[in-house]
Amino acid sequence: RGLNIKATANHPFLKFEGWIELKDLKPGDRIATSRKAPTPQSPYPVEDYRLATLGYLLSEGNLCHPHGIYYYSKDEKEVADFIKYAKRFQNARVSINRGKPTPAVYIGKVNPKQQNELRQWLNSLDLLGKKAREKTIPDLIFRLNRDQLSLFIAKMWQGDGCINATQKFPQIFYATSSNSLAYDLQHLLLRLGIISTVHEKKFKYRNSLRTGWTINISRFTNIKIFSETIGRHLIGEPRKILENIVASHPVLSGQISPFSARGSKDTVPVGFLPIMRSEIYKNYSSLQAFADAYGSSERLLVADRAKVGYLRETILNIGSFLQSATLISIANSDIY
């Protein structure tokens, strides 16, 4: 969920079985999109303290003050972390107002006759004066390499992100009132190899209902990448909870094998079945003979109404068992 396209009736889309025009698609048909996005290999010439400060401000910053910049957080570790980065900007004077339930960090000027470098930089990124619903991710972020991008997103996640292990399944999501920021973040996660979904929500704000969006991350493959990239730059409680999620996850902790997992939408459509059968018949006289050798039920190889696809891990396991380059390639494809 979360991707939209406007197209004419003859626009081609890719199904597993081949290309099909929009006019011939039916609700429920599965069409291809990318499971990865290209990321520059070399670092972009921007300092880490700038990226970290920007990440914090896009989530919990007030960019509309006429003279300075505000950042809000109830978490003392986050406040200290933000100040560590923000004070590196030239002529940045940091003060904290603890007179309200949420401490407010104000970045003003040391020398009132000189420019506040942080405000100047935010202005060059076209962010000054942007309210929460108007915030966007600047162009320079789309030029970052993997490590830089991980740092930036981590600092955003410290503010408006959620990492929760109290439910039956772990909850990892980012909430925003900016439609543009939501879809930009979904794309940036794809650059790290993380597949996410965007959901429109209604939330209470000052006695009214407003529209917002959540970018949700689930399934062990995405949680693993999130932990190895963004998770390295998290601090405090979010990092501890994420570490506990990984340590207790049945697949990531090694309690069950990857192809034993269920409930994923990241599957190869059932139209793949003829290819798998063809690969099996190269080595076995019947599906039953293969099932006996592989140690599974023949039902795995038969289409039925309930079956919509095959887990990539299942295909990879069968491909490895058969030593089939075709099946291994499909299991590891860059198509979602």
- Please report, as a whole percent, how much of the solvent-accessible surface of the stretch 179-218 comes from carbon and sulfur atoms (probe radius 1.4 Å). 47
- Describe numerically, in nm with one decimal, the distance between label points set 7 Å from Cα along Cα→Cβ at Gln90 and at Ser180. 2.9
- Roughly how many Å² is the accessible area per residue of the chain, as a whole number, for a 1.4 Å probe? 55
- Query: Could you give the length gained on full extension between Asp334 and Ala289, defined as 0.36 nm per residue of separation minus the Cα-Cα distance, in nm?
  - Reply: 13.0 nm
- For Lys109, the accessible surface traced by a 1.4 Å probe with all protein chains present amounts, in square angstrom to the nearest 10, to 80
- Calculate for the chain the 222 nm mean residue ellipticity that helices alone would give, adding -39,500 (n - 2.57) per DSSP H run of length 4 or more and normalising by residue count, nearest 500 deg cm²/dmol. -10500 deg cm²/dmol
- Query: In whole Å, what is the distance between the alpha-carbon centres of the stretch 116-130 and the stretch 190-208?
  - Reply: 25
- Query: With every protein chain present, what accessible area does Tyr284 have (1.4 Å probe, heavy atoms only), rounded to the nearest 10 Å²?
  - Reply: 60
- Pairwise Cα inverse-distance average, inverted: Kirkwood Rh of the stretch 162-306 (Å): 18.4
- Query: How much length, in nm to one decimal, is gained on full extension between Asp126 and Ser208, taken as 0.36 nm per residue of separation minus their Cα-Cα distance?
  - Reply: 26.6 nm
- Count neighbours as other Cβ atoms within 10 Å of each site's Cβ, and list the trypsin sites (Lys or Arg not before Pro) in the stretch 218-269 that are DSSP loop with at most 10 such neighbours. Arg262
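Take Tyr281, Tyr44 and sort them by solvent-accessible surface of the protein heavy atoms, 1.4 Å probe, largest at the top. Kindly include the intermediate steps, with their values, before the conclusion.
On the way: Tyr281 115, Tyr44 65 Å².
Greatest to least solvent exposure: Tyr281, Tyr44.
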- Item | Rounded if a/c under 1.5, otherwise prolate or oblate - the stretch 69-204, Cα gyration tensor axes | prolate
- Item | Percent breakdown of C-alpha pair distances by 5 Å bin, ordered from the shortest bin, for the stretch 1-145 | 2, 8, 15, 15, 13, 10, 8, 7, 7, 6, 6, 3, 1, 0
- At a Förster distance of 56 Å, what's the computed FRET efficiency of Lys23 paired with Phe321, Cβ-Cβ distance as r, to 0.05? 0.85
- Query: Roughly how many whole Å is it from the C-alpha centroid of the stretch 38-59 to that of the stretch 278-316?
  - Reply: 46
- Note on the structure: Magnitude of the Cβ-charge dipole (Lys and Arg +1, Asp and Glu -1) of the stretch 99-253 about the Cα centre, nearest 20 debye, reported as 480
- Can you give the accessible area of Tyr310 in Å² (nearest 10), computed on protein heavy atoms with a 1.4 Å probe? 10
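Does the chain classify as rounded, prolate or oblate by the C-alpha gyration tensor (a ≥ b ≥ c root eigenvalues; a/c under 1.5 gives rounded; else a/b over b/c gives prolate, otherwise oblate)?
prolate
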- Work from the charge dipole of the chain (Cβ charges, +1 for Lys and Arg, -1 for Asp and Glu, about the Cα centre) and give the residue of Gly129, His199, Ile153 farthest towards its positive end. Gly129
- Message: For Glu134, Glu313, give me the order by solvent-accessible area with a 1.4 Å probe, most accessible first, ignoring ligands, DNA and RNA.
- Response: Glu134, Glu313
- Spatial extent of the stretch 91-141: Rg and Dmax, with the Cα atoms as the point set, Å: 13.3, 36
- Ranked from the most accessible area to the least, with a 1.4 Å probe and all protein chains present, what is the order of Thr211, Thr326? Thr326, Thr211
- Query: So which GluC sites (Glu not before Pro) in the stretch 1-80 end up in coil per DSSP with only 13 or fewer other C-beta atoms within 10 Å?
  - Reply: Glu17, Glu47
- Counting other Cβ atoms within 10 Å, keep those with at most 14, restrict to DSSP loop, and tell me which trypsin sites (Lys or Arg not before Pro) in the stretch 288-336 are left. Arg305, Lys307
- Kirkwood radius from Cα pairs of the stretch 234-306 plugged into Stokes-Einstein at 4 °C, 1.567 mPa s, gives D in µm²/s equal to 84
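The values are calculated or read from the model by the stated rules, or taken from the named source; none is laboratory data. The structure displayed is predicted, hence computed values, not measured ones. Methodologically, a virtual Cβ is constructed for each residue, glycine included, from the backbone with ideal geometry; neighbour enumeration extends over all protein chains shown. Only protein heavy atoms, including side chains, enter the accessible area calculation; ligands, DNA and RNA are left aside. Shrake-Rupley method; radii C 1.70, N 1.55, O 1.52, S 1.80 Å.
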